[in-house]
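Asks: A single structure is presented below for examination.
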Amino acid sequence: MASIQGKVAIVTGSARGIGAGIAARFGKEGVKVICLDRNPAAETVNHIKSNGGDAMAIQCDISKQASIEAAVRQVLDTYGTIDILVNSAGLSKMASITDATEADWDYVNNVTLKGTWLMIKGVAPTMKANKSGKIIHLGSMMLLPGESGELPKAYENNPIVSFLEDRGAVEVARKNAESDEKVTPSEVPTEKPS
């Protein structure tokens, strides 16, 4: 396996949960970690730094293109490149398909679907110019048969798997960046975002 030491990685949703765990592991491996979250990620950054790693937090609303553009500029101004993007941010609402409201649907999809697309769009120019890069998407167990109860999350993850990952990866890969990866972790007890 190739070393990732010294690489620059953006991890969305890294203020807590799986994203914070990924950021911490990257820090341990010598990756320069950008903890991107709409909530303050100081705790994750402090953990990485206290263990000898290099990290910075950027508060960013990934459902807003301008917020992502500002964050990407800050990363490039600080580190000069972006090698890895981990799309870990995601939201859910417990509701059946018939009980979910339009507001529930928009709440989940603005971050998990639109935010994933905007993050790919935000880092792709740098990865294309570098002719390298890695994009990793975290999906949901909700995509697997037999899972139920969070239907808006299940439906918003399906387009990520079929469209954003495949089309986003193909477009970046054509410029010699590495293909992306899809990861579907099992259930992890995590404090729900506010």
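The values are calculated or read from the model by the stated rules, or taken from the named source; none is laboratory data. Just so it is clear, the model here is predicted, and its values are computed rather than measured. The area values use the complete protein model at the heavy-atom level, side chains included, leaving out ligands, DNA and RNA. Shrake-Rupley method; radii C 1.70, N 1.55, O 1.52, S 1.80 Å.
Asks: Could you give each residue of the range 25-32 its phi-based ³J(HN,Hα) in whole Hz, using Karplus coefficients 6.51, -1.76, 1.60 with θ = phi - 60°, and x for Gly or Pro?
Replies: Whole-Hz 3J(HN,Hα) from phi for the range 25-32: 5, 4, x, 5, 8, x, 7, 7.
Asks: If ligands, DNA and RNA are left out, what is the accessible area of Arg16 with a 1.4 Å probe, given in Å² to the nearest 10?
Replies: Answer for Arg16: close to 70 Å² accessible.
Asks: If His47, His137 are ordered by their accessible area, calculated over protein heavy atoms with a 1.4 Å probe, which sequence runs from highest to lowest? Write out the running numbers ahead of the final one.
Replies: Working: His47 95, His137 0 Å².
Reading off the accessible areas and sorting them downward yields His47, His137.
Asks: Can you run the Rg to Rh ratio on the range 82-130? Use alpha carbon positions and the Kirkwood inverse-distance Rh. Display every interim value, and only then the final one.
Replies: Values: Rg = 14.4 Å, Rh = 12.3 Å.
Here Rg/Rh amounts to 1.17.
Asks: Here's a follow-up. Suppose accessible area is computed on protein heavy atoms with a 1.4 Å probe; arrange Ile97, Ile18 from highest to lowest. Provide the component values of the computation, followed by the final result.
Replies: On the way: Ile97 85, Ile18 60 Å².
I get Ile97, Ile18, largest accessible area first.
Asks: Using protein chains only and a probe of 1.4 angstrom, how many square angstrom of Lys32 are accessible, to the nearest 10?
Replies: Here the accessible area works out near 70 Å².
Asks: Separate question: Please give the per residue accessible area of the range 1-101, computed with a probe of 1.4 Å over protein heavy atoms only, in Å².
Replies: Details: 4910 Å² over 101 residues.
For the range 1-101, the solvent-accessible area averages 49 Å² per residue.
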